[in-house]
Each structure stands twice: as structure tokens, then as C-alpha cells.
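Have a look at this one.
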Amino acid sequence: MPTAAGSRFVTPAAKSSNGSALSSSPPNLTVAVPATRDDAPSTGASILRELFEVVVLAVILYFGISFAVQTVHVEGLSMFATLDNNDYLIANKVDYKLHPPSRGDIVILRPPTLSTTDYIKRVIALPGERLLIHDGIVYIDGHKLDEPYLPEAWTVNTEWGGPSGQVMPPNDYFVMGDNRNRSQDSRTFGPIGRDRIDGRAWFRIWPLNHFGNIYDEEPSVETSTVFVG
């Protein structure tokens with residue numbers, strides 16, 4: 001017999017002798033099988049494995065961070081007013097593995113003396129440059145260096161380099177503290193090799209009211225001025 005659109009043939013279910021419908025396929029049954037001792041998860045071993053992974057990750061992070069950065073505690077006033085006594089900084093120890101220090105960088109260094117204390121100073125002159133300090137003014141290759149970060153005019157060790165200046169040796173840098181009247185720096189111990197510079201001061205983390213950038217003011221060479229001795 002024809003059917004209307006959307007209709008379908010249905011095969012009548014077979015009946016038992018008592019009139020009940022019989023299924024032509026077996027029922028779909030889900031059977032739970034108890035886990036054996038070998039299949040059960042080992043909770044203790046899993047916890048120990050996760051703990052081991054956490055410890056390994058922590059060790060990797062510790063050494064990775066120690067290689068890249070360090071915390072620096074400023075003691076003294078040789079970098080005042082850029083840095084103050086008891087400031088805490090984060091220093092980047094990777095920068096100078098990729099490129100040389102730049103003028104104006106505030107660096108952590110090991111002085112060429114018997115001191116076991118690291119110094120923090122500012123890079124003033126670069127390798128190959130002729131440096132002259134006369135009457136408390138710095139000249140780079142005969143041009144005046146403008147230093148807006150200096151807290152005051154300096155009257156201590158105001159001469160360096162003789163009448164015509166001194167050329168920095170290859171890989172040597174001349175460093176000074178911003179507070180020139182209270183700083184032991186290259187005016188005393190001379191230029192320092194790049195291998196003695198351990199890192200670049202990055203930013204201040206303490207005190208919180210001075211958190212952040214320490215490079216608000218940087219030096220610049222005034223090429224329009226020429227020193228005449």
C-alpha cells in the first residue's frame with residue numbers, strides 16, 4: 001500500500017505465545033567490572049612524581065632567574081641623588097653578554113682593588129674615547145659632557161687625563177659616581193675592564209614610593225662645544 005510523504009513502514013514485533021512482544025536483537029547492557037589490584041591507580045606514587053616535578057621546576061627557575069637578574073642593595077651616597085642609601089635595585093646580568101655597556105648605564109662592578117664589595121657607578125667614557133676632566137667638567141673627544149643628574153658642583157678630584165686627555169684602552173670603561181664629592185671611582189682606581197662589569201642596574205624596587213625607573217636623566221655629548229686647553 002502506498003504511504004504518505006514522511007511515513008515509514010514499521011515491521012510488527014514478533015509475539016510470544018502469551019502475546020508479549022519479542023525483541024529481535026539483544027539488549028544493550030553496560031556491565032561494570034571491578035578493577036583488579038594491578039589496575040587501581042597508585043595514589044602514593046602519583047603524588048611523589050608530581051612533587052618531584054615541582055621541585056625540579058623550582059630548581060630550574062631558581063638558577064634561571066639567578067643567572068639573569070640579581071638584587072642589589074645600595075650602601076652609601078656615591079650615586080646620590082639618582083640612588084639613595086638603602087635603595088634596592090634589580091640588576092640585569094644578561095645585557096652585557098649580548099652587547100657592550102653604553103654611556104650613562106648604571107653598572108654593578110668589581111673594582112680593581114682589594115675590596116670584596118661590589119661598586120655601583122655610572123659609565124662615563126667608552127673604549128677608544130679620549131677623556132679629559134678639567135675644572136669639574138668632563139670632555140669626551142674634546143666635547144663637553146652634559147650631566148643633568150649631578151646633585152651639585154664637584155670640587156674633589158676635578159682633574160684627570162693631563163692637559164690633553166687620555167684615550168680609553170680597548171674594552172676599558174671610565175666610571176664615576178653621580179655624587180662626585182663622595183665617590184671612589186675611576187678617578188681613583190682608573191678605567192675598568194668589561195670583564196669586571198657584572199650587570200646593569202635595571203630599576204628600583206625599594207622604597208616603594210620611588211619604585212621604577214632610575215634613568216630619568218642621562219648624559220649627552222655637546223658636539224657644538226670644543227675644549228680649548
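What follows draws every value from the coordinates through simple rules; no lab data is involved. Everything numeric in this text was worked out from a predicted model, so none of it was measured. When we count neighbours, we look across all protein chains shown, and the Cβ atoms used for this are built from the backbone with ideal geometry, even at glycine.
L150 fails exactly one of the following numbered conditions: (1) aliphatic (A, V, I, L, M); (2) over 24 Å from V72 (Cα atoms); (3) in a loop (DSSP other than H, G, I, E, B). What is the number of that condition?
Of (1) aliphatic (A, V, I, L, M); (2) over 24 Å from V72 (Cα atoms); (3) in a loop (DSSP other than H, G, I, E, B), only one is false for L150: (2).
Given the criteria in contact (Cβ under 8 Å) with a residue 60 or more places away in the chain, in a helix (DSSP H, G or I), buried (at least 16 other Cβ atoms within 10 Å of the Cβ) and not aliphatic (A, V, I, L, M), does Y139 qualify?
no
Give the residue, chosen from N213, N209, that is surrounded by fewer than 16 Cβ atoms within 10 Å (Cβ to Cβ), out of contact with any Ser or Thr (no Cβ under 6 Å at 6 or more places or on another chain) and closer than 22 Å to H99 by Cα.
N213
Then there is this: May I ask you to list the residues in region 92-109 that are surrounded by 21 or more Cβ atoms within 10 Å (Cβ to Cβ) and either more than 14 Å from L126 (Cα to Cα) or of a type in the set (K, R) (or both)?
The answer is L109, and nothing else.
Within region 69-110, how many residues turn out to be assigned to a loop (DSSP other than H, G, I, E, B) and under 12 Å from G177 (Cβ atoms)?
Total satisfying the criteria: 9.
Taking region 164-185 as the region of interest, how many residues are within 19 Å of D135 (Cα to Cα) and outside any strand (DSSP E or B)?
Residues meeting the conditions: 11.
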